[in-house]
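Visitor: The structure is given below, and queries will be raised subsequently.
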Amino acid sequence: MDSDEDGEGLTALLKSFEGRTAATGGTGKDPVNLPMIRHWCEAMGDTGPAYTGPDAVAPPTMLQVWTMGGLSGHPDRSAAYDELLGLLDSAGFGAVVATDCEQEYPRPLRPGDEVTFDTVIEAVSDRKTTRLGTGHFVTTRTELWVGPELVGVHRFRILKYAPAGPAQRAPERAADRPRRPRPVVNRDNAGFWEGVRRERLLIQRCAACARLRHPWLPGCNACGGPDWDTVEAAGTGRVYSYVVMHHPPFPAFDPPYAVALIELAEGVRMLGNVVGVPCDKVRVGMPVRVGFQVYDEELTLPVWRVDEEELTLPVLRVGDEELTLPVWRVDEEELTLPVRPVDEEAAG
């Protein structure tokens, strides 16, 4: 790593990029359109009525979707941003992790809107030391326009860093281990976390239309009704989607570990860790059952374990490899087999 004097010189050079253009005159590859809105809402489980019908608008958090370049990228990216990243790479800060984003929504986007955008390098931080390693935060600001009208602002921040090696990491004692991050508890979701503390999985139910919803919201995302009550979930479900986290490591977590989106028997979905099974054995469709794991005196979280009663995964050996195959059971409650009389003479 460079000396303090060299580091100050590098920081001054990096900061000279602030205000320079990262992309100019960019054009969204597609106008705002209903099919992409529908796919987004289906993936997010968002059934808000504002996103369908002749007066539909795009969900605000789709903002970045309309500027993405896809696999072919955007031809409008400037050389300045690539030069900045190249300087960081050559200085030893070759690893990268996205840290956060901020968005502003001056007005809703509607199907047919054609988005253009400009991006500037808004800020480059001084050298920072994090648990991941030492590096610099780079923030870009993208303004989205429809004609002359500003419709959105998107700030995106990354950390370009040199990963901390074993020699840089102090030995960790159990007493020094960072606490697991606390969930954000507010007046809208406090009932859910109180239920978890009592080892009950509670789902909101709209008092007007009886629709179940999760995460907890102040009003119904289907009919807009403000009143609600709760139902206790059976605690069973299936893995709808999952990801196995390997890198970067985070304090209080031991990679690799599986984070899954669980579809409950009641139809809502929630995130949680799948525990009690190797993370490389987690599969979409795997039946799971909720458990409540106490991490410390202040924190209990719902986790998901394989539901052995529902799991039937036979193993087929092909040569030296083992293949795990899904199978289907007959649902005897739903099974109706027609009965036809036998023609005795024909059978004779």
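The values are calculated or read from the model by the stated rules, or taken from the named source; none is laboratory data. Note that the structure is a prediction, hence the values are computed from the model and not measured. Counting neighbours? That spans all protein chains shown, and the Cβs are built from the backbone with ideal geometry, glycine included. Ligands, DNA and RNA are excluded from the accessible area calculation, which covers all protein heavy atoms including side chains. Shrake-Rupley method; radii C 1.70, N 1.55, O 1.52, S 1.80 Å.
Visitor: Rank V124, F17, S72 by how far each Cα sits towards the positive end of the charge dipole of the stretch 1-150 (+1 on Lys, Arg Cβ; -1 on Asp, Glu Cβ) and give me just the farthest.
Guide: Of the listed residues, the answer is S72.
Visitor: Taking the convex hull of the alpha carbon atoms in the stretch 182-303, what volume per residue do you get, in Å³? Don't skip to the answer; put the middle values down first.
Guide: Details: hull volume 14.0 nm³, N = 122.
Value for the stretch 182-303: 115 Å³ per residue.
Visitor: So for the stretch 31-80, what percent of the C-alpha to C-alpha distances run longer than 19 Å?
Guide: That tail contains 35 percent of the Cα-Cα pairs.
Visitor: Please state, rounded to one decimal and in Å, the Kirkwood hydrodynamic radius that the stretch 12-52 gives when every pair of distinct Cα atoms enters the mean of 1/r.
Guide: After inverting the mean inverse Cα-Cα distance, the result is 13.7 Å.
Visitor: Further question on the same structure: Can you list residues whose amide H is under 5 Å from F250's amide H, if they're 5+ apart or on another chain and H is modeled 1.01 Å from N?
Guide: Amide H to amide H, under 5 Å and 5 or more residues apart or across chains, F250 pairs with nothing.
Visitor: Residues with amide H under 5 Å of R20's amide H, sequence separation 5 or more or different chain, H placed in the peptide plane at 1.01 Å from N; which?
Guide: I121
Visitor: Keeping all protein chains in the complex and leaving out DNA, RNA and ligands, what accessible area do you get for S90 with a 1.4 Å probe, in Å² to the nearest 10?
Guide: 100 Å²
Visitor: I've got another one for you. May I have the convex hull volume per residue, in Å³, for the Cα set of the stretch 1-72? Let's see the in-between values first.
Guide: On the way: hull volume 13.4 nm³, N = 72.
Once divided by residue count, the hull of the stretch 1-72 is 186 Å³.
Visitor: Please give me the summed charge of the neighbours of F292: other residues whose Cβ is under 15 Å from its Cβ, Lys and Arg +1, Asp and Glu -1.
Guide: 0
Visitor: If the only charges are +1 at each Lys and Arg Cβ and -1 at each Asp and Glu Cβ, what is the size of the charge dipole of the stretch 1-105 around the Cα centre, to the nearest 20 debye?
Guide: That gives a dipole near 640 debye.
Visitor: Step by step: find N for the stretch 1-155, compute 2.2 N^0.38 Å, then divide the Cα radius of gyration by it. What's the final number?
Guide: Cα-based Rg divided by the globular estimate yields 1.23.
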